[in-house]
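Here's the structure, in structure tokens; my notes come after.
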């Protein structure tokens, strides 16, 4: 399973990309002045320092590290990295509480959500974050679920969708899920972040 891109609504990445590009131009200009001042000569095949190279480096640093360290008022995209524990009440089990753990691995542009219960494991295929209402940030993702070897014979691999609302103060994700056409199950999910994890 691999990390995949996720959309953010309303779009905020375009502004950050523009700021990074402008800063790359400024930084390239400064570095070129420094290179000229100390008299360094680069070979013809190496155009350094270039705006494109500086932008690529800044983007990688921002994507993997910096975005998580900015205050919330500077960046609206929430950092969901971590291990989230809770329970799911499913129509498949007559709404009996089943422990569930979600592991969320996230960068500024990519995400992977891995679910684990006593019955099955799942992983996300695509996702979206709705952040236009800071008090009701919503995580929506589509997943594929694979039953454990000892699960009931009626369980089989299937797809489903999850809608979760983030309570940032309590670090709680709460919402619902539903599955594909041949299963037609649904239920409630409540999760609390147990610990944060770092994506390097």
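The values are calculated or read from the model by the stated rules, or taken from the named source; none is laboratory data. Just so it is clear, the model here is predicted, and its values are computed rather than measured. Note that each Cβ is placed from the backbone with ideal geometry, even for glycine, and that neighbours are counted across all protein chains shown.
Summary table
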quantity	calculated
Set 188, 136, 171: member being farther than 16 Å from residue 79 by Cα, more than 14 Å from the chain's Cα centre (by Cα) and either modelled with pLDDT under 95 or surrounded by fewer than 18 Cβ atoms within 10 Å (Cβ to Cβ) (or both)	188
Of all residues in the stretch 107-123 being under 10 Å from the mean Cα position of the chain (by Cα) and either surrounded by fewer than 23 Cβ atoms within 10 Å (Cβ to Cβ) or at pLDDT below 95 (or both), the one that is farthest from residue 195 (Cα to Cα)	109
Residue in the stretch 46-59 that is exposed (fewer than 13 other Cβ atoms within 10 Å of the Cβ), under 28 Å from residue 184 (Cα atoms), at pLDDT 85 or above and more than 21 Å from the chain's Cα centre (by Cα) present	no
Residue match in the stretch 90-106 (condition: assigned to a loop (DSSP other than H, G, I, E, B) and surrounded by 15 or more Cβ atoms within 10 Å (Cβ to Cβ))	no
Residue within the stretch 60-79 that is at pLDDT 90 or above, surrounded by 14 or more Cβ atoms within 10 Å (Cβ to Cβ) and more than 16 Å from the chain's Cα centre (by Cα) present	no
When residues of the stretch 142-151 are limited to those that are modelled with pLDDT of 70 or more and either part of a loop (DSSP other than H, G, I, E, B) or out of contact with any strand residue (DSSP E or B) (no Cβ under 9 Å at 6 or more places or on another chain) (or both), the one surrounded by the fewest Cβ atoms within 10 Å (Cβ to Cβ)	149
